[in-house]
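Inspection log for the structure reproduced underneath, given as structure tokens.
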Amino acid sequence: MPSAERSAVSLADIIAQTTRAKTVTSAKVRDIRAVTSKLRILALNALIEAKHAGDKGAGFSVVADEVRSISGEVEDLARDLGHEIVKLDGLTQDMAAQSQGVRFTDLALNAVELIDRNLYERTCDVRWWATDAAMVGQAGGPSPEGRQHACERLGVILDSYTVYLDLWLCDLEGRVIANGRPDRYGVIGTNVGDRPWFKRAAALRSGTEFAVADIVTEPLLRHSQIATYATGVRRGGRADGELIGVLGIHFDWAPQAAAITEGVRLSEDERTRTRALLIDSTGLVIAASDGKGILTERIHLITGGTASGHYVDASGQLIAFHRTPGYETYQGLGWYGVIIQS
């Protein structure tokens, strides 16, 4: 990233110098045109006086014609110079947009890769914890003693993994039979069978598989934004064992996602006019460096069928994007990292 920042700063210097050169040159062109205008007036006056002088003014008339011709040539040169500086400015701006677009595309990729690496670990966590003896025992034969043990075990896990809000062990009907923070979230006995993550996990064929739901606000977790990963709890803790329950782990989405979008490497000047976003496969904003539009705003990317790229939209905004490439065995959910600069 440091090299990209250095090139961006260098390019900004070039743009600034070109802009100053355009300003100075435009001013000088105006001065030249003012002088040539005066020369043409003088030449015209000289021709008039030469006519009045008759034969004696013939030589002076030739000089006046020459002055007028030269002033016309100078005027043409000034006009051409003005056109060239405008072209140079345009090329510089195009080069700036291209360079900035490439840099922002890299930043977009970096953002979505960071979250995918994080979520890959969540897929490993849920499949591992579903084989815990306390989970298997309580799901296979619910009892007050087993529930207490399962809650304690889930609490121990939460103490070590601070990125989670809560972990829910459910029976096959969707009732929560144990959770890691029963004192904070009184969800035991609540039926969550209508949640997408539960339905998907209950339909999995093996303990090596996992289910995931879109980012949502969960009322039972004090309306926190969560990313939930789930898998089946199976008899004996075996991947091919009979399904006896479902474990759902609720990733504390908002602070983790904010850390990624707010951590995108931008200069102080860029931060005032640039948004770093994560959007889901439907274009819904699920994280934003400015904290705006989360779970309410949709971004309609013009991708042209490509996984990454950049373009300037109708309002003049530079938009760079990169689709998730996935990480390890986690293929991602079709999310995009997006950078928008006004």
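Every number in this text was worked out from the coordinates using simple rules, so none of it is lab data. This structure is a prediction, so every number in the text was calculated from the model and none was measured. So basically every Cβ, Gly included, is an ideal-geometry build from the backbone, and we count neighbours across all protein chains shown.
Solvent-free Debye calculation, one equal scatterer per alpha-carbon of region 198-264: log10 I(q)/I(0) at 0.22 Å⁻¹ equals -0.86.
Computed from backbone phi, the HN-Hα couplings of region 108-114 come to 4, 4, 4, 5, 6, 5, 4 Hz, rounded to whole numbers (Karplus: 6.51 cos²θ - 1.76 cosθ + 1.60, θ = phi - 60°; Gly and Pro given as x). Taking a point 7 Å out from the Cα of Ala259 in the direction of its Cβ, the residues of region 116-140 whose backbone N falls within less than 11 Å of it are 118. Close amide H pairs (under 5 Å, H built 1.01 Å from N) link Arg175 with Val192, residues at least 5 positions away or on another chain. Close amide-amide hydrogen proximity is noted between Gly180 and Leu167, each under 5 Å apart and 5 or more residues distant or on a separate chain (H modeled in the peptide plane; Pro and chain starts excluded).
With the Cα gyration tensor of region 243-342 in hand, convert its eigenvalues to equivalent ellipsoid semi-axes via √(5λ) and list them largest first in whole Å. Before the final figure, lay out each step's value.
Details: eigenvalues 142, 58, 30 Å².
So the three semi-axes of region 243-342 are 27, 17, 12 Å.
Residue separation times 0.36 nm, minus the C-alpha to C-alpha distance between Asp290 and Arg184: what's the value?
Values: separation 106, 0.36 × 106 = 38.16 nm, distance 2.97 nm.
Difference between extended and current length: 35.2 nm.
Here r is the Cβ-Cβ distance between His300 and Arg79 and R0 is 35 Å; the resulting FRET efficiency, rounded to 0.05, is 0.20. With the biggest extent put first, the Cα atoms of region 130-256 measure 36, 29, 26 Å across the principal axes. Based on every Cα atom in region 112-192, Rg and the maximum pairwise Cα distance Dmax equal 13.1, 43 Å.
A dipole drawn for region 141-258 from +1 and -1 charges on Cβ atoms has a positive end, and of Thr228, Gly207, Thr190 the residue lying farthest that way is Gly207.
A simple count of charges around Tyr327, restricted to other residues whose Cβ falls under 12 Å of its Cβ and scoring Lys, Arg +1 and Asp, Glu -1, yields -2. Take the Cβ atoms of Lys87 and Arg30, set R0 to 25 Å, and the FRET efficiency comes out at 0.85.
Computed from the C-beta positions of Arg205 and Arg273 and an R0 of 51 Å, the FRET efficiency is 0.55 to the nearest 0.05. The phi torsions of region 170-185, fed into the Karplus equation with coefficients 6.51, -1.76 and 1.60 and a -60° offset, translate into couplings of 10, 7, 6, 8, x, 7, 6, 10, 6, 8, x, 10, x, 6, 8, 10 Hz, rounded to whole numbers, with Gly and Pro shown as x. For Glu121, neighbours were defined as the other residues whose beta-carbon sits under 14 Å from its Cβ, and their charges (Lys and Arg +1, Asp and Glu -1) total -2. For region 180-215 versus region 114-157, the spacing of their alpha-carbon centroids is 11 Å.
Across region 270-341, Cα pairs under 8 Å and at least six residues apart give a relative contact order of 34 percent.
Panel order for Cys124, Cys151, by other beta carbons found within 10 Å of each beta carbon, from fewest to most: Cys124, Cys151.
Place a +1 charge on the Cβ of each Lys and Arg in region 270-341 and a -1 charge on the Cβ of each Asp and Glu, then give the dipole magnitude about the Cα centre in debye, rounded to the nearest 20.
Working: 6 positive and 6 negative charges, 28 e Å.
Charge dipole of region 270-341: 140 debye, to the nearest 20.
Summary of the geometry: region 251-277 and region 304-330, compared by the centres of their Cα atoms, lie 17 Å apart.
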